[in-house]
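The values are calculated or read from the model by the stated rules, or taken from the named source; none is laboratory data. Given the structure is predicted, the values throughout are model-derived calculations rather than measurements. So basically every Cβ, Gly included, is an ideal-geometry build from the backbone, and we count neighbours across all protein chains shown.
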Amino acid sequence: MAPDAGPAADAAALPPILDGARMLARLDELGDLGARPGGGANRPAYSELDVAGRDLVARWMNEAGLVTSVDAAGNLIGRSPGPTGPDVPPPLVLGSHFDIVIDAGRLDGCLGVVTGITGRQPVDVVIEGQTNHAGTTPMDLRRDALVAAAHVTLAVENLALEGHLRVATVGTIDVSPNARNIVPGLVTLGLDLRDLDDVRLAASVEHLRFTVAIIAEATGCTISFTLAPGQAAAPCDPTVVAAFQAAATAQGLVRRSALEERLPDFLTVLSEPHLG
């Protein structure tokens, strides 16, 4: 009979226990960096607050025994030293972001089990109408670019509400000449369309293009529709997702599947198929 290795071996065989109180306290401490008085937070990437957040997370990594480094893109990496060699399985890489976009929640970047990285298609829409005086131009003779832009904005929202794709956003708008007593003659919209299925995303773009043509005819405006460089979707490996879900269940945690709507830096260099 093999000798009993004792309590140390028994402890090593047990799954690690998540210290919920410590985790919440650390999330609060990190969330205080960039917290806004009225709620939400703002910790833009590469800002002084972001650097302070990176320093804080790096300290926690070091305390946990990880070897920290920063790559050329500014990504903070914590590595747990382990065996090497041809027979050693590839390392498990976990990652997220801890910068916070403007007025996002304090938990921006803290997700459940990620089931996929959504594809993203930015679209630039330029609407040309006719600039006129607001007091002397009859309503039936107007070619109001901002009115057309309002219809386009609702059409973008309806793409998601009607189930054509996951989410659709008009994030920027520029109005010219931008004076309250002048009928707008030029409007530029910045759109962000996302879905986990690239085919659905492409179909949604064409659906929107068709709808925009109808809006142009109805409003008497000229509308140009330009696709900016996008990002293909990256579904996660089901085996990896299942492993994380099983681990969450074993810890007694409530599982929450999520789609990562941001574009992680590693997607630009991703070559392994087992994304999770």
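If we keep just the residues of segment 129-157 that are in contact (Cβ under 8 Å) with a residue 40 or more places away in the chain and surrounded by fewer than 16 Cβ atoms within 10 Å (Cβ to Cβ), which is farthest from ALA216 (Cα to Cα)?
So the residue we want is GLY135.
So, in segment 221-256, of the ones that are aliphatic (A, V, I, L, M) and not in a helix (DSSP H, G or I), which residue ends up surrounded by the most Cβ atoms within 10 Å (Cβ to Cβ)?
ILE223
Would you pick out the residues in segment 170-201 that are touching a residue at least 24 places away in the same chain (Cβ under 8 Å) and under 14 Å from ARG120 (Cα atoms)?
Listed by number, the residues that qualify are GLY190, LEU191, ASP192, LEU193, ARG194, ASP195, LEU196, ASP197, ASP198, ARG200, LEU201.
SER47: modelled with pLDDT of 90 or more, among the hydroxyl-bearing types (Ser, Thr, Tyr) and under 23 Å from VAL101 (Cα atoms), yes or no?
Against the criterion (modelled with pLDDT of 90 or more, among the hydroxyl-bearing types (Ser, Thr, Tyr) and under 23 Å from VAL101 (Cα atoms)), SER47 qualifies.
Quickly run through segment 94-103 and pick out the residues that are within 11 Å of the chain's Cα centre (by Cα) and closer than 14 Å to PRO44 by Cα.
Scanning segment 94-103 gives HIS97, ILE100, VAL101.
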